[in-house]
Protein chains: 2
Amino acid sequence: MKLLDIYARYKKDIQYIESELEKNVHSDHDILKETSIHLLKAGGKRIRPVFVLLSGKFGNYHLENLKNVAVALELIHMATLVHDDVIDNAVTRRGEQTVMAKWDNKIAMYTGDYIFARALAVVTQLKDPEIHQILSKSIVQMCIGEMEQIRDFFNTDQSIRNYLLRIRRKTALLIAISCQLGALAANASREEVRALYSFGYNVGMAFQITDDVLDLCGTEKQIGKPPGSDIKQGNITIPMIYALQESDLKESLLFLINKIKQNEDQSDVNQFIQLIRNSAGIEKAEALANQYIHKAIHQLDQLPDIKTKKHLHDIANFVLSRKY
Amino acid sequence: MKLLDIYARYKKDIQYIESELEKNVHSDHDILKETSIHLLKAGGKRIRPVFVLLSGKFGNYHLENLKNVAVALELIHMATLVHDDVIDNAVTRRGEQTVMAKWDNKIAMYTGDYIFARALAVVTQLKDPEIHQILSKSIVQMCIGEMEQIRDFFNTDQSIRNYLLRIRRKTALLIAISCQLGALAANASREEVRALYSFGYNVGMAFQITDDVLDLCGTEKQIGKPPGSDIKQGNITIPMIYALQESDLKESLLFLINKIKQNEDQSDVNQFIQLIRNSAGIEKAEALANQYIHKAIHQLDQLPDIKTKKHLHDIANFVLSRKY
């Protein structure tokens, strides 16, 4: 089943979340209105809200209860993207200009702050203190992850463990708690909440790994930004770490990385991408993503056999094979 | 009574808050640890935590209950300062290098995000949903205020009302809710909570106005940063708005503002400062601050006659006469 077919099953509820997102970033302030709407319209897979809704199906599914969790998580995600784009000097995302490019860094910083603040305003509607605690702890971890990313820029000496810890904080955690909080808000059992958290965590890890592969193997049309963005900003991803382990490639790769660091020359970036594609790095990274997806699917065994379980299974498989 | 004498009365509790602040920004991450400790050590008047504590005296004063409110508000304030310094290209604050200058803009952005996230982690310890709602709404307003400030940079056409709305969001609101939330957390009566909110609001307005006066009349040693920082970054403050109303000054002021906008030349800034000092702008701004302090003190009439009331009165007067 394709992602869109799965989404179609929950179309009405997803559309409702979409309209709530719009409502919640609304501002009378001109620039904030423009930047926020610009971000919303650029779209995205909305995987976090979708995971909230689907996880909620394992408890007492009440859209009104789940809505605030879904909206808050997507807004938090959006806010981090805007700040990420500042750090990465990213000019396009999802085929659209970034806020940082269309306006400037400062506007982007405050747009991120604003959207984040709006997310908090939504969070305050939630009554369960456990949800608040899980959220705030995760946000702290996400910030640490972002700082780790800055620290590790152009660090060609980093271990696989280092990379995995970083993407855990940067990506997997928020996807994990999307499942966890959806289940919690629907009063699913402790075991189900745990299984869904673990499902989300493993899907999230795979999601980031495939993202990092796509940045090296996708076309600009597929990924909505120029390929090689990672290495240009110094983000050493898992296919690169694997490739750097190949003794016949290491020297040329280090030479190119150093050149890219100095000049950001596109021909160097293209040459670098070609070298990685010819290495075993891509295949190994895909195998690792595959492992995570298997672990994720394995978690589903602990859940009752409802239709939604099949849909989670399908989304996990989509993450592995996705080209966008 | 001097500010330090008032603080001395609450020394033990203020020191406790200080140690809690340190505990709460602690990170195992090297850069975050350094930037956060750097910020804490740079000090500040800690007026928000002090207002939380003093307002708590009008209800059932339990330091453990008030602690989380005080720490959260000061951390939120610190986070906004770090982001402000990015916007303002500020190199020094409180006589110390800013995070943005000592590290860079990107580190400063994430340090702000991190400290803010830590503030939220503290907020989750608070049980009262009303406190959460007040906080999140205020944070949204503060973000809007920051955006308004960017929008209004070098706008020499702005009204006094525009300025007042901006500093209300930028400064007065957080000081107002410091009083409000301190009283709420101590279960003070609704009337007392309202009076303290209004007290804080008016003190906060006066605080920002005197800040804006000091930027034009203080020495670098007094204010911990070079005078004229406001006009250099395009921040048109109330003494300037008043001075621009003087027909014999307007043209020279507009000419200088335009030159400063182009070149940021220090001699133009000095000449500009001199013109404002010679205008009625400073005096009028001080009179306005005075009015706010009077309104603040008037609010105290509604509060019972405990020692703390006298201390709030003294702090309000300090805000008016402060040179730092």
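Readers should treat all values here as calculations from the given coordinates under stated rules, not as data from a laboratory. Predicted model, so just to flag it, every value in this text is computed and none were measured. No Cβ is skipped: glycine too gets one built from the backbone with ideal geometry, and neighbour counts run over all protein chains shown.
Computed values, structure above
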{"item": "Derived scalar couplings ³J(HN,Hα) [segment B:248-260; Karplus, 6.51 cos²θ - 1.76 cosθ + 1.60; whole Hz; x for Gly, Pro]", "result": "6, 9, 3, 4, 5, 5, 4, 4, 5, 4, 5, 5, 5"}
{"item": "Rounded tilt (10° steps) of B:307-321 against the dominant C-alpha axis of chain B", "result": "10"}
{"item": "Over chain A, relative contact order from alpha-carbon pairs under 8 Å, at least 6 apart, %", "result": "20"}
{"item": "Summed residue charge, Cβ within 10 Å of B:Glu74's Cβ, Lys/Arg positive, Asp/Glu negative", "result": "0"}
{"item": "Size of charge dipole - chain B - debye, nearest 20, with Cβ of Lys, Arg +1 and Asp, Glu -1, no other charges", "result": "760"}
{"item": "Kirkwood hydrodynamic radius (C-alpha pairs) into Stokes-Einstein, segment B:100-168, 20 °C and 1.002 mPa s, D in µm²/s", "result": "148"}
{"item": "Which of A:Ser138, A:Ser321 has the fewest Cβ neighbours within 10 Å, and the rest in rising order", "result": "A:Ser321, A:Ser138"}
{"item": "Closest approach to the B/A rotation axis among chain B Cβ atoms, residue and whole-Å value", "result": "B:Met109, 3"}
{"item": "Lys/Arg +1, Asp/Glu -1 at C-beta; chain B dipole; positive extreme among B:Leu249, B:Thr111, B:Leu126", "result": "B:Leu126"}
{"item": "Cross-link pairs beyond the 26 Å C-alpha cut-off, checked among A:Lys295/A:Lys323; A:Lys225/B:Lys106; A:Lys232/B:Lys106; B:Lys41/B:Lys310; B:Lys2/B:Lys232; B:Lys2/B:Lys102", "result": "B:Lys41/B:Lys310; B:Lys2/B:Lys232; B:Lys2/B:Lys102"}
{"item": "Whole-Hz ³J(HN,Hα) from phi, Karplus 6.51 cos²θ - 1.76 cosθ + 1.60, for segment B:151-168, glycine and proline x", "result": "4, 8, 3, 6, 7, 7, 9, 6, 8, 4, 4, 4, 4, 5, 4, 5, 6, 4"}
{"item": "Segment B:185-206 residues near the modelled B:Gln141 label - backbone nitrogen below 11 Å, point 7 Å along Cα→Cβ", "result": "B:198, B:201-202"}
{"item": "Convex hull per residue volume in Å³, alpha carbons only, for chain B", "result": "121"}
{"item": "Rounded tilt (10° steps) of A:190-217 against the dominant C-alpha axis of chain A", "result": "30"}
{"item": "Kirkwood Rh, angstrom, the protein assembly as shown [1 / mean 1/r, Cα pairs]", "result": "26.4"}
{"item": "Cβ neighbours within 10 Å from other chains - mean over B:138-144", "result": "6"}
{"item": "Inter-chain Cβ neighbour average for residues B:149-156, partner chain, 10 Å", "result": "2"}
{"item": "D (Stokes-Einstein, µm²/s), Kirkwood Cα radius, segment A:29-154, 0.890 mPa s at 25 °C", "result": "158"}
{"item": "Estimated vicinal HN-Hα couplings, Hz - segment A:15-32 in sequence order (Karplus 6.51, -1.76, 1.60; Gly, Pro = x)", "result": "5, 4, 4, 4, 5, 5, 4, 4, 4, 7, 9, 4, 9, 7, 7, 3, 5, 4"}
{"item": "Along each principal axis, Cα extent of segment A:1-88, largest first, Å", "result": "39, 27, 18"}
{"item": "Nearest-first distances (nm) between copies at A:Gln262, label 7 Å from Cα via Cβ", "result": "3.8"}
